[in-house]
Amino acid sequence: MANVLRNSAKFGFSGVLSQLSIHSRHGRECVSPCFSLQQRNNSTSPKIKVDLDSSTGVAVLRMQSPPVNSLSLDFLTEFCINLEKLEMDRSCRGLIITSTLSKVFSAGLDIMEMYGKSPERCGEFWKAVQEMWLKLYGSNMATIAAINGSSPAGGCLMSIGCDYRIMADNPRYSIGLNETQLGIVAPFWFKDTLVNTVGNRAAELSLELGLLYSAPDALKIGLVDQLVPEDQVLSTAQDTMSKWLAVPDHARQITKSMMRKQTIDKLLSNREADITNFVSFITKDSIQRSLRMYLEMLKSRKA
């Protein structure tokens, strides 16, 4: 176990995945924090729905991949394709990201993308995770996360990749990078994004303790910017977007780049090493055994 934990520090994943729990903590809606299990139904239905209002220049991207908007390779690919299309559309100036699912924004990475897969497939998956973050964090559009449910781990990363976060005022919903609670170390670019959002000390406490914050607590530390009634999350995001778009695009875009470029460049310059580290770690026999134990635990709880 000591060797596993030392190896986890190199990248960010350890074999203590059997500690994962799908039970709620402190009464919060906690959807299988950190890793999620997407049901395979071979559906060709789109996982992403985009509506662009040409009169306002604002697009609403709705995640619609039940049961919990797991970040699978297919999901991430579709997400990035839609983001790139909007980025290239000069009529689109703002993007709102939300979920069509009840009680969840996104539950994070899909565990089935990491279990029993070839090194090549694992590398393709992790590159897609990187790409999602790079496209969102560096977008020229004004971006708002309309968080209408729980958003742990990868879901939190997506949220803090946006310029502004509006969350449903429901103490049962949680958000955070809770990896260490599960024996996992968040990759450096997860950490850097969190530091840029809440500051070094709050990020240090959050990451070391693996905290999942209720919506009110998330507002207190600046992890989200605003709480509103659940049925007003999207409408508030649309109203807020008008304020962002009142700023001349070039000034906002240059300022955003100035604030985020160093963080983005750090991943770009280490991207291949980051993928290699992920693949070498996730394909270890000890890690695969732990993933299998986790999947068996999920199956037994569903029985």
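Values quoted throughout were computed directly from the atomic coordinates according to the rules given, and no laboratory measurement underlies them. Everything numeric in this text was worked out from a predicted model, so none of it was measured. Neighbour counts run over all protein chains shown; Cβ positions are idealised from the backbone, glycine included.
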- Values of log10 I(q)/I(0), in the order q = 0.10, 0.15, 0.20, 0.21 Å⁻¹, for the range 144-242 under a Debye, Cα-only, solvent-free model: -0.23, -0.52, -0.90, -0.98
- Query: What ranking, highest mean first, results for peptides 70-82, 285-297, 255-267, 149-161 when packing means the other Cβ atoms within 10 Å averaged over each residue?
  - Reply: 149-161, 70-82, 285-297, 255-267
- Item | Partner aspartates and glutamates for residue 266 [C-alpha distance under 13 Å; skip if fewer than 8 residues away on the same chain] | 192, 274
- Report the one residue of 144, 154, 65 whose Cα lies farthest in the direction of the positive end of the charge dipole of the range 48-302 (charges on C-beta: Lys and Arg +1, Asp and Glu -1; origin at the Cα centre). 154
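When you count, for each residue, the other Cβ atoms within 10 Å and take the mean per peptide, how do 219-227, 95-103 rank with the highest first?
Ranked from most to least packed, the peptides come out as 95-103, 219-227.
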- Item | the range 48-302: antiparallel DSSP beta bridges as a percent of all, rounded to 5 | 30 percent
- Message: Along the Cα→Cβ direction, 7 angstrom out, place labels at residue 74 and residue 301. What is the inter-label distance in nm?
- Response: 2.4 nm
- Task: Show which lysines lie in cross-link reach of residue 85 when reach means a straight Cα distance below 21 angstrom and same-chain residues fewer than eight apart are skipped.
- Result: 47, 49, 127, 135, 256
- Task: Output the peptides 137-146, 49-58 sorted from most to least packed, where packing is the average of other Cβ atoms within 10 Å over each peptide's residues.
- Result: 137-146, 49-58
- Message: Need one number: nm distance between label points at residue 51 and residue 120, each 7 Å from Cα along Cα→Cβ, rounded to one decimal.
- Response: 4.1 nm
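Below 12 angstrom from the Cβ of residue 129, what's the summed charge of the other residues (Lys, Arg +1; Asp, Glu -1)? Mind dumping the intermediate values first?
Numbers: positive: 127, 135, 271; negative: 110, 113, 124, 131, 274.
Summing Lys/Arg as +1 and Asp/Glu as -1 gives -2.
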- Simple label model, 7 Å out from Cα along Cβ direction - residue 89 to residue 250, nm: 2.5 nm
- For the range 165-201, run through the trypsin sites (Lys or Arg not before Pro) and keep only the ones in DSSP coil with at most 16 other Cβ atoms within 10 Å of their Cβ. 172
- Using only the alpha-carbon atoms of the range 48-302, report the extent along each of the three principal axes, biggest first, to the nearest angstrom. 53, 38, 36
- Query: Quick one: length gained pulling residue 268 to residue 293 fully straight, 0.36 nm per residue minus the C-alpha distance?
  - Reply: 5.6 nm
- Straight distance only, please: which aspartates and glutamates reach the Cα of residue 243 with their own Cα at less than 12 Å, same-chain residues fewer than 8 apart left out? none
